[in-house]
Each structure stands twice: as structure tokens, then as C-alpha cells.
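This report concerns only the one structure given below.
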Amino acid sequence: MRPSFASRRDDVMQSYIMSLIEVARRPGMISFATGLPDRRLFDPAGIEAAAEKVLESGEAADALQYGATAGYMPLREKIADRCNRVMGMSVTAEDVFITNGSQECFDHLGKLFLDRGDGIAVENPGYLGALQSFSVYAPEFMPVDMEQGGPDMSQLETVFAKAPKLFYCIPNHQNPSGTSYSEDARRAVAELADRGSTLVVEDDAYGELGYHGRVGRTIASMTGNAVLTGSVSKIISPGMRVGWMVVPEWMREAVSTSLEAACLHAGSFVQRVLDAFLEDHDLDAYLRPIRAEYARKCRLFTDLLADGMPDTMSWTVPDGGMFVLLRSPEGTDADPVFRTCMERGLVVMPGKPFHIRGGANTVRLNFATASDEEIEKGMGILCKVCREIF
Ligand SMILES: Cc1ncc(COP(=O)(O)O)c(C=O)c1O
């Protein structure tokens, strides 16, 4: 007889993310699904040079050895410095904890704060991968609908009045909608966090991908009741799996213990390679062509949407990041779009799983992964399917 799984196993939400990555890899498939950055923007030569530097330095053995739980100090210092210089925060390297991608942060934060049934306020729609991660702890998800410039404020106030443990949000270039919070929305969230006992989890995964530079102040710069999560996945490499969280001082010890218990520490070697890469590159100069390229692809993508979609469809137009959220008319179901596109060689991502409520009429589109040629071909399929269905 097989041993039975813990009951927790049944609490974990399904996420289509990794399975769609597999489908998108099939030969001939075009993908507007997943959150993969444009592989043409990776810098393998730069990473190779950084790795060589690490291995040829007198500290090669340290790079291959176990490291400190919180991460490689020079890298933590660089992250703290950027938080202070560019994001208006006031932190030290001791507040920065390196993780295996920022995805791992959500698991630690769930583990540290969420007992079964505890409230967590989330954007509706919000990032499916984080919802899945928090779902392990069987919290009560409290959805707050997203509007053009951030969350619906009256809903947010009502939800904060119930004192959720966490509010998970993506103020910059949100996944899946691509929208960003207005200054007023950021300030309002910070004020609500200051007034109550809710910890804001500010996910900055796309923060460096504003097409004209960073937008808005971080919420973590306005309240002490916030954790900022960050990552190099969308700007340097997701395969390196380097992310971080920047936490208030009172959380340091708890986070350290949680990290140690889970994995001892994130990979020492890759942290040092990243540190050497950042040593050799001015990050703003490095980001300039990447931001410009995503801006160009976004324009190409949204121009094609404007040319080919029926009047019944609408979509978001982002000022950063990788996503457009497509909507069919209210009350309709966009699932046939997903299925029909798949039959015709295009993978898109249904928008419903990103929602705690509603969202059946949405499709998430990533314009970063595909080449121009694929975008044009894929958009031909998508627009035709939408014209046939709506
Ligand atoms: C909004 C958001 N946050 C976090 C992540 C996790 O990224 P990583 O673990 O690669 O840092 C993703 C990945 O797609 C994302 O879209």
C-alpha cells in the first residue's frame, strides 16, 4: 500500500504555467503564453565572462562551497544600494535575503504568516504562481478587483478592515494585466498598511522593465509594513534562479530560519556569477536596450491587435513588462479562444486562473517570448479566432 499524501496536498491550487511551457516547446508552436523573457536578449557571453572571473579568482573554492543563509554579501549590498538609490527605500544589506527566484519568497512568507483560514488580500486578477504558492497554506483569499491605476480602493478598504495577514500586490506592470498603480494608489496602500496589521508583499518582478525607466515609488519606501520581492529573472536570466526579499528588521531572524530550514541557502556559485556580472555592467545602461526592445515589441503587438481584433474585444496597453490582458465581451467565455488557437498552432493563456472571482472572459498574452515573425503569424491566428467567435 502507498503512504497517503498530507492533506495539504489537496490544498495546492493548479497552475497551468509549467505545463503550458511544455506545450509551447512543441515544434512549430507559437507561444503568447507563459512569462518567458525574450531569449534573444540574454547575454551568454557576459555570463560566461562573469563565471570565468569567479572561477579564476582566488575565491573559486568559496564559490563552490556552502555559503551564508541570507546570501552572498556583496550581492546583497548591490541590491540594497539599488533599493536606496532608485526605489527610494532606506534599507541595509542585512535586510536583503537571496532566494531561489522570487517565487520562493511567497512560500516563505506563506509559511511564516498564514495559518489555515487566515486572510490574504490579493489583486483580482493577480499572479497565478503566487496564488498557487500561498494556496499551500490554505488561506482565505480576499480578492480586490484591479482597475486601470491600481486596486479598487473601496474594495481594498473593506478588505483591509478585516485585517488580512498579507496583501500581495504587483504595483509595476502587473502580471497578468500589464497595468501599474498610480501614485495615489501606492500612497493609499501604504497608509492602509501603516494603520493596520497587514503586511504588504510588494512584488517587483517587472519593476525594472518600465519602457521609459521605473515608474512610481515603491510602496515599501512609504511604509515599514512591507516586504519587497525582486528578481533578475525578467532582466538577466530566469534560469539562474536568483531572487530576493527585502524585509523589515523585525522579520530578519524569522526569514533566516525559514530559509535555512528549507534550503540552507540559495546557490553560492550563481550568486557570485551574478555579482561579478553586475560588477562589470552598469545596470541602467544594460537595461536601456532591453527596455527599448520590449517597448518596440509591445507596440508591434498592440498595433496588430488594433488592426485585427473585432470591435467587441478590448485589451490593456502596458507601459512596461511583458503582458497584455485581452477581454471578450462581459458575460462571454474566452476559453474557446484558448482551445481553437491551440488547434491552430498558437498557445495563449486563459485569464480565468489568474482570478479568484470572474475573469472567464479574459486571455493573458505575452508579447516578449515570440519573435517578430511569430508575433505576426500568431496574431493572424488569434485575431481570426476572435473574429470567428465574438
Ligand atoms: C509577477 C511575478 N512575480 C514573481 C515571479 C517569479 O519569478 P522568479 O521566481 O523567476 O523570480 C513571476 C514569474 O513569472 C511573476 O510573473
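The values are calculated or read from the model by the stated rules, or taken from the named source; none is laboratory data. What you see is a predicted model; the values in this text were computed from it and never measured. Neighbour counts run over all protein chains shown; Cβ positions are idealised from the backbone, glycine included. Quick note on the areas: whole protein, heavy atoms, side chains included, nothing else; ligands and nucleic acids left out. Shrake-Rupley method; radii C 1.70, N 1.55, O 1.52, S 1.80 Å.
If only one of Met349, Met379 is farther than 21 Å from Arg296 by Cα, crowded, with 22+ Cβ neighbours inside 10 Å and in contact (Cβ under 8 Å) with a residue 60 or more places away in the chain, which one is it? Spell out how you get there, then give the answer.
Values: Met379 fails: farther than 21 Å from Arg296 by Cα.
Unique residue meeting the criteria: Met349.
A single entry from Gln174, Gln155 fulfils the requirement of being more than 16 Å from the ligand (Cβ to nearest atom) and at negative phi: Gln155.
Looking at region 58-87, which of the residues that are small (Gly, Ala, Ser) and open to solvent by less than 50 Å² (accessible area, probe 1.4 Å) is nearest to His281 (Cα to Cα)? Working first, answer last.
Of all residues in region 58-87, those small (Gly, Ala, Ser) come to 58, 60-61, 63, 67-68, 70-71, 80.
Within this subset, residues satisfying the condition of being open to solvent by less than 50 Å² (accessible area, probe 1.4 Å) are 60, 63, 67, 70-71, 80.
Values: Ala60: 21, Ala63: 20, Gly67: 24, Ala70: 24, Gly71: 21, Ala80: 17 Å.
Here the residue is Ala80.
Does Gly110 meet the test of being in the same structural domain as Phe269 (by TED's automatic domain parsing) and closer than 26 Å to His173 by Cα? So Gly110 passes the test.
Being within 20 Å of Ala63 (Cβ to Cβ), away from the ligand (no atom under 16 Å from the Cβ) and surrounded by fewer than 24 Cβ atoms within 10 Å (Cβ to Cβ) is the requirement here; does Ala190 meet it?
Details: within 20 Å of Ala63 (Cβ to Cβ): no; away from the ligand (no atom under 16 Å from the Cβ): yes; surrounded by fewer than 24 Cβ atoms within 10 Å (Cβ to Cβ): yes.
Here the answer is no, as Ala190 does not meet what is asked.
The requirement of being within 16 Å of the ligand (Cβ to nearest atom), at negative phi and at pLDDT 95 or above is satisfied by Ala205. Residues satisfying the criterion are absent from region 356-367 (criterion: polar (S, T, N, Q), modelled with pLDDT under 95 and assigned to a loop (DSSP other than H, G, I, E, B)). In the set (1) of a type in the set (S, T, N, Q); (2) at pLDDT below 95; (3) touching a helix residue (DSSP H, G or I) at 6+ places or on another chain (Cβ under 6 Å), the condition left unmet by Gln148 is number (3). Number of residues in region 17-30 that are under 17 Å from Thr340 (Cβ atoms) and either within 14 Å of the ligand (Cβ to nearest atom) or hydrophobic (A, V, I, L, M, F, W, C) (or both): the value is 5.
Just so you know, in region 88-103 the residues that are open to solvent by 30 Å² or more (accessible area, probe 1.4 Å) and either within 16 Å of the ligand (Cβ to nearest atom) or polar (S, T, N, Q) (or both) include one that is nearest to Leu36 (Cα to Cα), and it is Gln103. Considering Phe160, Phe167, the condition of being crowded, with 22+ Cβ neighbours inside 10 Å, touching a strand residue (DSSP E or B) at 6+ places or on another chain (Cβ under 9 Å) and within 26 Å of Ser256 (Cβ to Cβ) is satisfied by Phe167 alone. Helices (runs of 4 or more DSSP H) fully within region 1-56 that include at least 2 residues being open to solvent by less than 40 Å² (accessible area, probe 1.4 Å) and in the same structural domain as Gln132 (by TED's automatic domain parsing): 44-56. Quick one: in region 242-259, of everything that is open to solvent by less than 30 Å² (accessible area, probe 1.4 Å) and more than 18 Å from the chain's Cα centre (by Cα), which residue is nearest to the ligand (Cβ to nearest atom)? Among residues in region 242-259 that are open to solvent by less than 30 Å² (accessible area, probe 1.4 Å) and more than 18 Å from the chain's Cα centre (by Cα), the one nearest to the ligand (Cβ to nearest atom) is Leu259. Here the condition is being open to solvent by 10 Å² or more (accessible area, probe 1.4 Å), out of contact with any Lys or Arg (no Cβ under 9 Å at 6 or more places or on another chain) and over 23 Å from Phe167 (Cα atoms); of Gly224, Gly196, Gly213, Gly239, it holds for Gly239 alone.
Have a look at Ala262, Ala285 and point out the one that is open to solvent by 40 Å² or more (accessible area, probe 1.4 Å) and within 16 Å of the ligand (Cβ to nearest atom). Can you show your working first?
Details: Ala285 fails: within 16 Å of the ligand (Cβ to nearest atom).
Matching residue, one of Ala262, Ala285: Ala262.
Of the residues examined, Asp115 is not one that is within 16 Å of the ligand (Cβ to nearest atom) and either more than 16 Å from the chain's Cα centre (by Cα) or open to solvent by less than 20 Å² (accessible area, probe 1.4 Å) (or both).
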